[in-house]
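**Student:** First, the structure itself, so that you have it in front of you.
The values are calculated or read from the model by the stated rules, or taken from the named source; none is laboratory data. Since we're looking at a predicted model, the values are computed, not measured. All Cβ positions, even for glycine, are placed from backbone atoms using ideal geometry, and neighbour counts span all protein chains on display.
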Amino acid sequence: MSFFKKLKDKFSSSTTSEKTSKKYETGLEKTRQSFSAKLNDLIARYRKVDEDFFEELEEVLISADVGVNTVMELIEELEMEVKRQNIKDTDKVKEVISEKLVAIYMDGNDSIPSLNLQEGELSVILFVGVNGVGKTTTIGKLAHQLKEEGKKVVLAAGDTFRAGAIEQLEVWGERVGVDVIKQSAGSDPAAVVYDGIQAAKARGADILICDTAGRLQNKVNLMNELSKVNRVISREIPGAPHEVLLVLDATTGQNALSQAKVFSEATNVSGIVLTKLDGTAKGGIVLAIRKELNIPVKYVGLGEQITDLQIFDPNAFVYGLFSDMIE
């Protein structure tokens, strides 16, 4: 059975999978249109798989922001696979590419990474990321999801420096129906997080989600702030934070990789949330992040709606990328 056929069968076999595939199909429309058009054009111009074909394929993948290092490795693997299977027809290469893209992301592990939540204890999720990437909105959407799953959630407004950040989180708290712990603008973020922990414990919450400042222009101060917040959390709850989620804007492409490297130095990032994936033609950044940083993408933003924050599924991602080509 072909790889595309397996993907199609997977997403037509259950309502949940079908809904997920539709979200990805719609959310990846810009990337798919750009990527598919270039790939189909390439395949139409080449009748055989040769060195020139691979050179142009390299350019197509780089233009989708898959990342130079990842592309070089992928091309090398494709060349070997084409020789192994004795593929002569360029049309058959599409399937090999899709298979390799999933393999790069999964890296031998078939399970989709879930949030590290503590059973019967308070779980602390720390959100980090520069201003403007959609951090506060993502916190609101995740709080909504977790509440829908029956969890009691509390938010801590630790981004005390950005104008309007506290108020924005409060609006989300009211919308979702969860408590928001805050202090006045300019307060010490670590003090807000400390208050959040005490409040979450007192109210019997399952999960505390902490917002933080993202002033990357002052890297030293940012690192000091995040280190202090981490120390306070781990002192009050040994082993916490249980997740440090870095929010990146997919539309910034390779710049998102640079941000990820800086935040990884400041704190132990356990997962990536990639927002605005529906607004970019460079969705390949998902693969670059996974391959070059070895940090799993745990969630992706595929639209403006409160339900458009999706757990990242590599198979659904590739399905969304190639859905125009799947018969």
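**Student:** Tally the residues that are of a type in the set (D, E, K, R) and in contact with a helix residue (DSSP H, G or I) (Cβ under 8 Å, 6 or more places away or on another chain), restricting the search to the stretch 135-183.
**Tutor:** Residues flagged as of a type in the set (D, E, K, R) and in contact with a helix residue (DSSP H, G or I) (Cβ under 8 Å, 6 or more places away or on another chain) within the stretch 135-183 amount to 5.
**Student:** Which condition number in (1) touching a residue at least 12 places away in the same chain (Cβ under 8 Å); (2) out of contact with any Ser or Thr (no Cβ under 6 Å at 6 or more places or on another chain) is the one that Glu174 fails?
**Tutor:** (1)
**Student:** Something else about it: Quick check: anything in the stretch 141-155 more than 22 Å from the chain's Cα centre (by Cα), surrounded by 21 or more Cβ atoms within 10 Å (Cβ to Cβ) and not in a helix (DSSP H, G or I)?
**Tutor:** yes
**Student:** Looking at (1) in the same structural domain as Ala143 (by TED's automatic domain parsing); (2) more than 10 Å from the chain's Cα centre (by Cα), which one does Val286 not meet, given that it meets all the others?
**Tutor:** (2)
**Student:** Restricting the search to the stretch 84-128, which residues are among the β-branched types (Val, Ile, Thr) and either modelled with pLDDT of 80 or more or touching a Gly at 6+ places or on another chain (Cβ under 8 Å) (or both)?
**Tutor:** Once the filter is applied, which keeps residues that are among the β-branched types (Val, Ile, Thr) and either modelled with pLDDT of 80 or more or touching a Gly at 6+ places or on another chain (Cβ under 8 Å) (or both), the stretch 84-128 yields Ile87, Thr90, Val93, Val96, Ile97, Val124, Ile125, Val128.
**Student:** Being more than 15 Å from Thr90 (Cβ to Cβ) and either under 25 Å from the mean Cα position of the chain (by Cα) or surrounded by 12 or more Cβ atoms within 10 Å (Cβ to Cβ) (or both) narrows it down to one residue among Arg32, Arg47; which is it?
**Tutor:** Arg32
Results for (1) in contact with a Gly (Cβ under 8 Å, 6 or more places away or on another chain); (2) within 19 Å of Ile125 (Cβ to Cβ); (3) exposed (fewer than 15 other Cβ atoms within 10 Å of the Cβ); (4) at pLDDT 95 or above, shown as yes or no for each residue.
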site: Arg175; (1), (2), (3), (4): yes, yes, yes, yes
site: Asp179; (1), (2), (3), (4): yes, yes, no, yes
site: Gln183; (1), (2), (3), (4): no, no, no, yes
site: Asp195; (1), (2), (3), (4): no, yes, no, yes
site: Cys210; (1), (2), (3), (4): yes, yes, no, yes
site: Asn218; (1), (2), (3), (4): no, no, yes, no
site: Ser234; (1), (2), (3), (4): no, yes, yes, yes
site: Ala240; (1), (2), (3), (4): no, yes, no, yes
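**Student:** Let me ask something else about it. Filter the stretch 120-134 down to the residues that are outside any loop (DSSP other than H, G, I, E, B) and touching a helix residue (DSSP H, G or I) at 6+ places or on another chain (Cβ under 8 Å), then identify the one that is nearest to Phe263 (Cα to Cα).
**Tutor:** Val128
**Student:** Go through the stretch 35-56 and report how many residues are among the basic types (Lys, Arg) and either closer than 18 Å to Asp324 by Cα or assigned to a helix (DSSP H, G or I) (or both).
**Tutor:** So the answer is 2.
**Student:** Scan the stretch 245-267 and give yes if some residue there is more than 14 Å from Asn131 (Cβ to Cβ), among the charged types (D, E, K, R) and at pLDDT 95 or above, otherwise no.
**Tutor:** no
**Student:** So, Leu101, is that one under 21 Å from the mean Cα position of the chain (by Cα), assigned by TED's automatic domain parsing to the domain that holds Ala260 and part of a helix (DSSP H, G or I) or not?
**Tutor:** For Leu101, the condition - under 21 Å from the mean Cα position of the chain (by Cα), assigned by TED's automatic domain parsing to the domain that holds Ala260 and part of a helix (DSSP H, G or I) - is not met.
**Student:** Further question: Being under 23 Å from the mean Cα position of the chain (by Cα), within 15 Å of Val130 (Cβ to Cβ) and not acidic (Asp, Glu): is that true of Arg215 here?
**Tutor:** For Arg215, the condition - under 23 Å from the mean Cα position of the chain (by Cα), within 15 Å of Val130 (Cβ to Cβ) and not acidic (Asp, Glu) - is met.
**Student:** Let me ask another. Tell me yes or no: at least one residue of the stretch 252-269 is touching a Ser or Thr at 6+ places or on another chain (Cβ under 8 Å) and over 23 Å from Ala165 (Cβ atoms).
**Tutor:** yes
**Student:** Same structure, new question: Of Ile295, Ile272, which residue is closer than 28 Å to Leu222 by Cβ and at pLDDT below 90?
**Tutor:** Ile295
**Student:** If you take the residues of the stretch 57-90 that are in contact with a Phe, Trp or Tyr (Cβ under 8 Å, 6 or more places away or on another chain) and in a helix (DSSP H, G or I), which of them is surrounded by the fewest Cβ atoms within 10 Å (Cβ to Cβ)?
**Tutor:** Glu79
**Student:** Would you confirm, using the coordinates I've provided, whether Val180 is more than 30 Å from Ala37 (Cβ to Cβ), assigned by TED's automatic domain parsing to the domain that holds Glu292, assigned to a strand (DSSP E or B) and β-branched (Val, Ile, Thr)?
**Tutor:** yes
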